[in-house]
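Working notes for the structure below.
The values are calculated or read from the model by the stated rules, or taken from the named source; none is laboratory data. A quick note: this is a predicted structure, and the numbers were derived from the prediction, not measured. With ideal geometry, Cβ positions are generated from the backbone for all residues, glycine too; neighbour counts draw on all protein chains shown. Note: areas computed on protein heavy atoms with side chains; ligands, DNA, RNA excluded. Shrake-Rupley method; radii C 1.70, N 1.55, O 1.52, S 1.80 Å.
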Amino acid sequence: MVDSTTSSDTADLVLTKDNTHNLIYFPFHGLAGCIRTTLILSGEPYKFTDVYLADWRALKQLTPFGHVPVLKEETRSGKVLELAEISAIESFLAKRSGLLGNDFWQESLIRMYHSSTHSLFTFLVHSIVQSPNEEDKRTFLKRFKESNLPSWIQAHEKHLKANGSNGHYVGDQLSIADIKTASVIEHLIYLCGNDVQISEEKTPAIMAVKAKLEKDPKYAEWRATEQYQTYTAKNIGFFGF
Ligand SMILES: N[C@@H](CCC(=O)N[C@@H](CS)C(=O)NCC(=O)O)C(=O)O
């Protein structure tokens, strides 16, 4: 059950730095890459709880909207607070970690870039999962690669260039928009295969976002783990990218 208490007691519980953030999701990257990366960078206690398809039917009923990811905030008091919906979880973690810029306008811009990437990637993942057969999937992917993806690339390359191609969307600091893009980019590159649309030569500003985040030792360490590699292999097996 979602705890919708809004008392300051609950607000204080949520803000302490020693909560364990327990992310419930399937054992692949799917739509949870940005959440996992944000948790890793936070330096706070976290755990990734994998849900297996055999257990999903029973667990589904227990989630707020019948979907994962779900974030369980396990507080020191023993109280567990539950949050669902990817954007809400990313926003929650971003605010805690100072990933929403320095002022309200920067925050609004960061949310705009984040939303654009979130929409693109959610559209891709949901369409693939919901394609009833291989032919539908192929037709969807053709349209996605010829239209949705190039539009996203063109706009994001332009905005990132306008910010100086410094690896950030807004100003010169890391934001949830940067993490979102960095977390989907390798999947998009893989998806394109030989039809290269995203590369150092073609989209240097987008690639700078990826490269900048990869310099972070915590992120680099996470990407080198067996768990990350397993999630990648399962992602490719399940979604094809
Ligand atoms: N609106 C949800 C969508 C999340 C979603 O699509 N979750 C998928 C996994 S990527 C899921 O739970 N699939 C299993 C199901 O719906 O039964 C959100 O933003 O969190």
Q.
Can you find a residue that is touching a Phe, Trp or Tyr at 6+ places or on another chain (Cβ under 7 Å) and open to solvent by 10 Å² or more (accessible area, probe 1.4 Å) anywhere in segment 54-74?
A. yes
Q) Would you say residue 154 is touching a residue at least 24 places away in the same chain (Cβ under 8 Å) and surrounded by fewer than 16 Cβ atoms within 10 Å (Cβ to Cβ)? A) no
Q.
I'm checking my understanding of the structure. Among residues of segment 87-110 that are surrounded by fewer than 21 Cβ atoms within 10 Å (Cβ to Cβ) and within 16 Å of the ligand (Cβ to nearest atom), which one is nearest to residue 64 (Cα to Cα)?
A. 88
Q. Does residue 51 qualify as being outside the structural domain of residue 180 (by TED's automatic domain parsing), in contact (Cβ under 8 Å) with a residue 40 or more places away in the chain and of a type outside the set (S, T, N, Q)?
A. no
Q: At least 2 residues that are surrounded by fewer than 17 Cβ atoms within 10 Å (Cβ to Cβ), charged (D, E, K, R) and outside the structural domain of residue 37 (by TED's automatic domain parsing) in each: list the helices (runs of 4 or more DSSP H) lying fully within segment 157-241 that qualify.
A: 204-214, 217-223, 226-239
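Quick grid of which residues meet (1) touching a strand residue (DSSP E or B) at 6+ places or on another chain (Cβ under 8 Å); (2) closer than 25 Å to residue 114 by Cβ:
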site	(1), (2)
14	yes, yes
66	no, yes
74	yes, no
84	yes, yes
Q: Give segment 14-63 a look and list any residue that's in a loop (DSSP other than H, G, I, E, B), farther than 21 Å from residue 239 by Cα and within 14 Å of the ligand (Cβ to nearest atom), or say none.
A: 61, 62, 63
**Q.** residue 69 vs. criteria in contact with a Ser or Thr (Cβ under 8 Å, 6 or more places away or on another chain) and not assigned by TED's automatic domain parsing to the domain that holds residue 121
**A.** no
